[in-house]
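See below for the structure under consideration.
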Amino acid sequence: MIVCLYAGKPSPYLEKPVGDETTLVRVADFVGSLSEVSRVVICGTEEIPGVPDNWEWKIRPSWETATLVAALADLIEDPDDVLLLTFLDQPFVNRELAGRLMDRHTRHRADYTFADGYPVGLAPELLRGRSLAYLRELSADMHGEVTRESLFRVIQKDMNRFDIETELSRTDQRLLRLTLAVDTRANFQVCDALAGGGPSSIDAWPDHVAERGLLHRSLPRYVSVQVIEQDVHEVTYSPYPSVYGHVLAPGAVMSAAKFEELVAQIHEFSPEAVISISHWGEISLHPEVLGLVDAVVSRPPLKLIVETSGVGWDVESRDGLLARDGIVVIVGLDTHDAETYRDIRGEGFAEAVEFAETAISVIPDRAHVQAIRCDLTEPTLEEFYGHWTEKTENVIIQKYDWFSGRLPDRRVGDLAPLNRFPCWHLQRDLTVRVDGNVPLCREDLRRDRFLGNVFENGIEEVWAAGGAVYAEHVGGKYRGICERCDEYYTFNF
């Protein structure tokens, strides 16, 4: 068997203890427990100290799905070779589960064997050598960054071509949205918290994780910031006009300097967070829009999402925005019918479409178009989807939000799970208004449960204040706006 460990960009948390041992030690112990290993190869961007001397390195400046699969294919000498792939930053990758996968893989002479229903980070993936030549061909045009789902997504392109085996967890843990890896500080803190008393049996792991729900909330992973109190449209399905008045009139603005102060706090506290602008307000109207963008992109590994209607941009600002590395742009269009657009949003359809098309042409992997699915957009939604999927794969269809009953129920379907569970947004998100005030969440339009002000109290104190409400959720109590909320199961990052 050949073991391949994907390292990507080295995590700063690899050599920090997770419980009583570092992730590097834990992964080395896992590899050492495997039988009949002929080679151990790490695919990374630079060599990392502390790994066993007999492990080999494959170093590239950067990795994509295509280059990783090609590297795996190059390791194969015999069609019956078995290759085990896992990630170097997963401290709990499990020997017992790997053994079950290997037994199933060998017994059924599978091309690909994986585990399903377990928290991400417990299971490796297994490949038979004969499959890798074709996988290399399938992945040739997959230039996106490597993720933990990359290999499966390659196989999905022609799934019927492969003999696939699956080891199922006795309970489905996917709704927990946990990644048991030390790739971010937020995930590292969750792993460290769960390391104490970790069970030896893989069958006990799902209960171990699920019963410790309070530990799943570590740091904010997604911070949505309102930087301007002015919009270009009074959107029909938005609660903003009814709560804040005439939204087309100029309002408060968070200066680039003040925003940079906030970004510096986020970077210090949760350095891998995703920041989104602008919550309730059109970013194109901000007088220092590129200054806001630069405040984030100058502080990697923070990531930036710019949400816009695509209306109101001058050419210089638009081109400057799209020239920045790494940013993601989401253009809210809702429809590809000009008349429906006018009914829902107002004027500017042609301008919005032009912006979206330009973004797709300049940053094709990072430009998205979005529609809210509701009774207003449903008649033209199929046309919208068909038109834009000819131009990009990045088409978002977002569910309608009725803000806990404050808006009419315009849903065209009920997507809610059968059983309520703690809110992902309370676990992972933070919403900051233009003055720095932080409500409980995006749904808390009138700040019924005020958490504090990031400029006066600091982001760490404000984030901690939300923990009490999350604890209520873990205990099965949903009060106030949480009781009727239909967003608790939607997910950002």
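The values are calculated or read from the model by the stated rules, or taken from the named source; none is laboratory data. Just so it is clear, the model here is predicted, and its values are computed rather than measured. Methodologically, a virtual Cβ is constructed for each residue, glycine included, from the backbone with ideal geometry; neighbour enumeration extends over all protein chains shown. Side chains included, ligands, DNA and RNA excluded: accessible areas come from the protein's heavy atoms. Shrake-Rupley method; radii C 1.70, N 1.55, O 1.52, S 1.80 Å.
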Original post:
Hey, THR106 hits all of (1) in contact with a helix residue (DSSP H, G or I) (Cβ under 7 Å, 6 or more places away or on another chain); (2) open to solvent by 20 Å² or more (accessible area, probe 1.4 Å); (3) among the polar types (S, T, N, Q) but one; which does it fall short on?
Top reply: (1)
**OP:** For residues that are of a type in the set (Gly, Ala, Ser) and more than 17 Å from VAL232 (Cα to Cα), scanning just region 277-316, find the one that is least open to solvent (accessible area, probe 1.4 Å).
**Re:** ALA295
Original post:
Any idea which of PHE114, PHE152 is over 20 Å from the mean Cα position of the chain (by Cα), touching a residue at least 12 places away in the same chain (Cβ under 8 Å) and not in a loop (DSSP other than H, G, I, E, B)?
Top reply: PHE114
Original post:
Within the bounds of region 222-244, is there any residue that is surrounded by fewer than 20 Cβ atoms within 10 Å (Cβ to Cβ), over 30 Å from GLY312 (Cα atoms), of a type in the set (D, E, K, R) and in contact with a helix residue (DSSP H, G or I) (Cβ under 7 Å, 6 or more places away or on another chain)?
Top reply: no
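Per-residue answers, yes or no, for (1) more than 27 Å from the chain's Cα centre (by Cα); (2) in a loop (DSSP other than H, G, I, E, B); (3) in contact (Cβ under 8 Å) with a residue 60 or more places away in the chain:
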residue	(1), (2), (3)
GLU234	yes, yes, yes
GLY251	yes, yes, yes
PHE259	no, no, no
GLU268	no, no, no
VAL296	no, no, no
GLY312	yes, yes, yes
GLY326	no, yes, no
**OP:** Taking the residues in region 361-399 that are hydrophobic (A, V, I, L, M, F, W, C) and touching a residue at least 60 places away in the same chain (Cβ under 8 Å) as candidates, determine which candidate is farthest from ILE344 (Cα to Cα).
**Re:** ILE396
Original post:
Which of the residues spanning region 300-347 are over 21 Å from GLU393 (Cβ atoms), β-branched (Val, Ile, Thr) and in contact with a helix residue (DSSP H, G or I) (Cβ under 7 Å, 6 or more places away or on another chain)?
Top reply: VAL311, THR340
**OP:** Please determine, by comparing only the residues of region 205-221 that are touching a residue at least 40 places away in the same chain (Cβ under 8 Å), touching a Ser or Thr at 6+ places or on another chain (Cβ under 9 Å) and not aromatic (Phe, Trp, Tyr), which one is surrounded by the most Cβ atoms within 10 Å (Cβ to Cβ).
**Re:** PRO220
**OP:** Please specify each residue of region 152-161 satisfying the condition of being open to solvent by 20 Å² or more (accessible area, probe 1.4 Å) and over 24 Å from PRO301 (Cβ atoms).
**Re:** PHE152, GLN156, LYS157, ASP158, MET159, ASN160, ARG161
**OP:** Restricting attention to region 349-383, report how many residues are under 27 Å from GLY326 (Cα atoms), outside any helix (DSSP H, G or I) and open to solvent by less than 20 Å² (accessible area, probe 1.4 Å).
**Re:** 5
**OP:** Report, ordered by the first and then the second residue, all pairs with beta carbons closer than 6 Å, sequence separation of six or more or different chains, a first member in region 400-416 that is outside any loop (DSSP other than H, G, I, E, B), and a second member that is open to solvent by less than 40 Å² (accessible area, probe 1.4 Å).
**Re:** PHE403/PRO239; PHE403/GLU443; SER404/GLU443; SER404/ILE481; SER404/CYS485
**OP:** Would you be able to tell me the number of residues in region 174-204 that are open to solvent by 10 Å² or more (accessible area, probe 1.4 Å) and outside any loop (DSSP other than H, G, I, E, B)?
**Re:** 13
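Does ARG433 satisfy the criteria of being of a type outside the set (Ser, Thr, Tyr) and open to solvent by 70 Å² or more (accessible area, probe 1.4 Å)?
no
Only one residue in GLU167, GLU137, GLU125 is open to solvent by 40 Å² or more (accessible area, probe 1.4 Å) and at pLDDT 95 or above. Which one? Please lay out each step first, then the result.
Values: GLU167 fails: open to solvent by 40 Å² or more (accessible area, probe 1.4 Å); GLU125 fails: open to solvent by 40 Å² or more (accessible area, probe 1.4 Å).
Answer to the check: GLU137.
Scan region 46-58 and tell me whether some residue there is hydrophobic (A, V, I, L, M, F, W, C) and open to solvent by 70 Å² or more (accessible area, probe 1.4 Å).
Within region 46-58, none of the residues are hydrophobic (A, V, I, L, M, F, W, C) and open to solvent by 70 Å² or more (accessible area, probe 1.4 Å).
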**OP:** Select from region 3-40 the residues that are out of contact with any strand residue (DSSP E or B) (no Cβ under 6 Å at 6 or more places or on another chain), among the charged types (D, E, K, R) and modelled with pLDDT of 95 or more and write down the one among them that is least open to solvent (accessible area, probe 1.4 Å).
**Re:** ARG26
Original post:
Does any residue of region 458-469 turn out to be modelled with pLDDT under 95 and either surrounded by 15 or more Cβ atoms within 10 Å (Cβ to Cβ) or among the hydroxyl-bearing types (Ser, Thr, Tyr) (or both)?
Top reply: no
Original post:
GLY386: in a loop (DSSP other than H, G, I, E, B) and either open to solvent by less than 50 Å² (accessible area, probe 1.4 Å) or among the basic types (Lys, Arg) (or both), yes or no?
Top reply: no
